[in-house]
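Everything below concerns the one structure shown next.
The values are calculated or read from the model by the stated rules, or taken from the named source; none is laboratory data. Bear in mind the structure is a predicted one, so any value in this text is a computation, not a measurement. Glycine gets a Cβ as well: all are built from the backbone with ideal geometry, and neighbour counts include every protein chain shown.
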Amino acid sequence: MKIVCSKQNLINGVNIALKAVPANTTMSILNCILITAKDGYIKFTATDGDLGIDTKVDGVIAKEGIIAIEAKIFSEVVRKLPDMDVSIESDDNFVVKINCGKLNFEIKGHDGSSFTLLPEIEKKDPITVSQLTLKDVIRQTIFSIGQSDTNKVMSGIHFFIKENVLKCSSLDGHRISIRNIELKNSYDTVEAIVPGKALGEISKILSGGADDDVEIYITKNHICFIFDDTTVVSRLIEGKFFDVNKMISSDYETKISINKKDLFESLDRTMLFSKEGNKKPIVVRISDGILKIEVNSPLGSMDEELEIKMQGREVNIGFNPRFLSDALRVIDDEVIDMYLVNAKAPCYIKDEKDSYIYLVLPINLNNI
């Protein structure tokens, strides 16, 4: 194999593929990036067995072939090359020669034919969303996935497509995040639990353009995302996702409207006194058009009053400030609506169209 391409194209291709290289594995071939020069394209591929990425870059193919190269050393070499065209050539002994101007490297490669390729996904009737929309949906739900290995279902985001709506849900036992997206087209009902890890890596790769689409294909065991010159395939999480519709209620006794930025900044200040994992709860007192936030810890105390528009009765309720803050961070509205019942019932943050719904469980005031 012999190819020639710019350093920038190399960096782009390697950095994208690198996101699928496992941090730890007993299979040495999975530590590699596969370079394929064939049929007029140069492709970089990596996989950890559950997540696979391949991406194409522009360049000149002088000789077709494939070679697997240790990802870590290859990425470091590419990063340190001069800003010039780069020649990469491999021989029958899998030795890879990298030439850039007067600089030459030799790296021991591996037989590319032993590399685990991405599974073939039937590409029929794609679900199409813009890159901007997908990037936003991931950002607005991924923070509340579960981090424990005891319940794999919680470690993913539930995709539920019905007609022209994509509903994405995540939960971790303390909170629920839901985003409802209106799609351009209508589709048959389909659902999948997509690993949070895969979606996090996809979010980093997406350019986020409003006019650039992502094609999504869902099969029984896999989900495939195709955008720009990149394909990402992930194994789905097995199991049945929680029925979040049964967890969401429209009942409330108190509704408040508040400036999101003011509330977010106040919550951020309370966490100055919650250094031990931000677990120190806060007390929120709502009455007479005022929301008062109080925190009292061995490190110190704070209270602050914020103006609100209020409907309903007074309520005192306790929260983990980080759970509220995480939801506010991803909401783009300037003013948010919060719905409460009592000190022991969940708080809801949502807009009138239910395009987003965030549920946060309270902390018992008797424990504060």
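Do you know which of the residues in segment 154-179 that are among the β-branched types (V, I, T) and closer than 18 Å to K220 by Cα is farthest from the chain's Cα centre (by Cα)? Once the filter is applied, the top-ranked residue is I161. Considering segment 295-332, and only residues there that are among the acidic types (D, E) and surrounded by fewer than 17 Cβ atoms within 10 Å (Cβ to Cβ), the residue that is farthest from R269 (Cα to Cα) turns out to be E314. Within segment 107-159, the residues that satisfy the criterion of being touching a residue at least 60 places away in the same chain (Cβ under 8 Å) and assigned to a strand (DSSP E or B) are H110, I127, T128, V129, S130, G156, H158, F159.
Could you tell me whether segment 40-56 includes any residue that is in contact (Cβ under 8 Å) with a residue 40 or more places away in the chain, more than 21 Å from I223 (Cβ to Cβ), not in a loop (DSSP other than H, G, I, E, B) and not hydroxyl-bearing (S, T, Y)? There is no residue in segment 40-56 that is in contact (Cβ under 8 Å) with a residue 40 or more places away in the chain, more than 21 Å from I223 (Cβ to Cβ), not in a loop (DSSP other than H, G, I, E, B) and not hydroxyl-bearing (S, T, Y).
Selection of segment 34-47 for residues being surrounded by fewer than 24 Cβ atoms within 10 Å (Cβ to Cβ) and among the aliphatic types (A, V, I, L, M) yields A37, I42. Among the residues of segment 247-266, some residue qualifies, meaning at least one is in contact (Cβ under 8 Å) with a residue 24 or more places away in the chain, within 30 Å of T189 (Cβ to Cβ) and among the hydrophobic types (A, V, I, L, M, F, W, C). Looking at segment 328-351, is at least one residue within 17 Å of V283 (Cα to Cα), among the polar types (S, T, N, Q) and without any contact (Cβ under 8 Å) to a residue 12 or more places away in the chain? Checked against the condition, which is being within 17 Å of V283 (Cα to Cα), among the polar types (S, T, N, Q) and without any contact (Cβ under 8 Å) to a residue 12 or more places away in the chain, segment 328-351 yields no hits at all.
Can you find a residue in segment 200-217 that is among the β-branched types (V, I, T) and in a strand (DSSP E or B)? The answer is yes, given that some residue of segment 200-217 is among the β-branched types (V, I, T) and in a strand (DSSP E or B).
Answer with yes or no whether I258 is part of a strand (DSSP E or B) and not assigned by TED's automatic domain parsing to the domain that holds T133. When the stated conditions are applied, I258 passes them. What number of residues within segment 325-351 satisfy the criterion of being more than 17 Å from E253 (Cβ to Cβ) and in contact with a Cys (Cβ under 8 Å, 6 or more places away or on another chain)? Of the residues in segment 325-351, 0 are more than 17 Å from E253 (Cβ to Cβ) and in contact with a Cys (Cβ under 8 Å, 6 or more places away or on another chain).
Which one is farthest from L361 (Cα to Cα) among residues in segment 120-157 that are surrounded by fewer than 19 Cβ atoms within 10 Å (Cβ to Cβ) and small (G, A, S)? The residue in question is S148. Can you tell me which residues in segment 77-95 are under 17 Å from I11 (Cβ atoms) and not in a loop (DSSP other than H, G, I, E, B)? If the condition is that a residue be under 17 Å from I11 (Cβ atoms) and not in a loop (DSSP other than H, G, I, E, B), then V77, V78, R79, D85, V86, S87, I88 are the ones that fit.
Tell me the residue from L117, L30, L18 that is of a type outside the set (D, E), touching a Pro at 6+ places or on another chain (Cβ under 7 Å), surrounded by fewer than 20 Cβ atoms within 10 Å (Cβ to Cβ) and under 22 Å from I202 (Cβ atoms), please. Steps first, answer last, please.
On the way: L117 fails: touching a Pro at 6+ places or on another chain (Cβ under 7 Å); L18 fails: touching a Pro at 6+ places or on another chain (Cβ under 7 Å).
Of L117, L30, L18, the one residue that is of a type outside the set (D, E), touching a Pro at 6+ places or on another chain (Cβ under 7 Å), surrounded by fewer than 20 Cβ atoms within 10 Å (Cβ to Cβ) and under 22 Å from I202 (Cβ atoms) is L30.
Residues of segment 333-368 that are buried (at least 20 other Cβ atoms within 10 Å of the Cβ) and among the basic types (K, R): none at all. Of all residues in segment 168-182, those that are assigned to a strand (DSSP E or B) and touching a helix residue (DSSP H, G or I) at 6+ places or on another chain (Cβ under 9 Å) total 10. The numbered conditions (1) over 17 Å from K38 (Cα atoms); (2) loosely packed, with under 13 Cβ neighbours inside 10 Å are all true for C100 except (2).
One residue stands out among those in segment 294-349 that are part of a loop (DSSP other than H, G, I, E, B) and among the basic types (K, R): the one that is farthest from S170 (Cα to Cα), which is R313.
Restricting T133, T116, T128 to those that are farther than 30 Å from L183 by Cα and within 25 Å of the chain's Cα centre (by Cα) reduces the list to T116. Do we find that A62 is more than 23 Å from the chain's Cα centre (by Cα), surrounded by fewer than 17 Cβ atoms within 10 Å (Cβ to Cβ), in a strand (DSSP E or B) and touching a residue at least 24 places away in the same chain (Cβ under 8 Å) in this structure? Here the answer is yes, as A62 does meet what is asked.
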